[in-house]
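Here is the structure we will look at.
The values are calculated or read from the model by the stated rules, or taken from the named source; none is laboratory data. Worth saying up front: this structure is predicted, and the values here are computed from it rather than measured. Virtual Cβ from ideal backbone geometry, glycine too; neighbours counted across all protein chains shown.
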Amino acid sequence: MGTCLRTDAAYCAVAALLLGLFAEPVGGALGVPAGVPLTAAVLTLGWAGMLLALAARRRPRGPVRFVLVANVVAVAGLAALASTRPLDALSLLLLAVAVEVGAFAVWQAVLLRTRRG
């Protein structure tokens, strides 16, 4: 379970760095100030750090359940944001990220199901 959380953390860290790097064009495409995606990048980087801390716990079952729920919420939010936009590169990117985050949620659900007790 720790491997899953560490992998999720690495993915989030890379996503945060890329979002921070491209905050200006992403903000422009969304019609918001660059500070909005930059804030999202900082929060995502903080989430990555929290995932690493949770992965280090002795009994990660509870944290994995929590992260699974957070990932499902993130998928819904990303998909909703993508669906409110015209079909363009950013909306496709948002949908791709939703699918990737959804894959983490599936991995976490499988781990929870196969490692009961």
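Among residues belonging to the range 29-53 that are among the small types (Gly, Ala, Ser) and farther than 25 Å from residue 5 by Cβ, point out the one that is farthest from the chain's Cα centre (by Cα). Filtering first and then ranking leaves 31. For the residues 10, 41, 23, the requirement of being within 15 Å of residue 71 (Cα to Cα), of a type in the set (Gly, Ala, Ser) and modelled with pLDDT of 95 or more singles out 10.
For the range 44-80, a residue qualifies if it is crowded, with 17+ Cβ neighbours inside 10 Å and at pLDDT below 95, and the qualifying residues are 54, 55, 60, 63, 64. Considered as a group, the residues in the range 59-75 that are within 11 Å of the chain's Cα centre (by Cα) and among the hydrophobic types (A, V, I, L, M, F, W, C) include one that is nearest to residue 9 (Cα to Cα), and that residue is 67.
Those helices (runs of 4 or more DSSP H) of the range 1-111 in which 3 or more residues are of a type in the set (Ser, Thr, Tyr) occupy 2-21. Pick from the range 4-34 the residues that are in contact (Cβ under 8 Å) with a residue 24 or more places away in the chain and of a type in the set (Val, Ile, Thr): which of them is nearest to residue 81 (Cα to Cα)? In this case the residue turns out to be 26.
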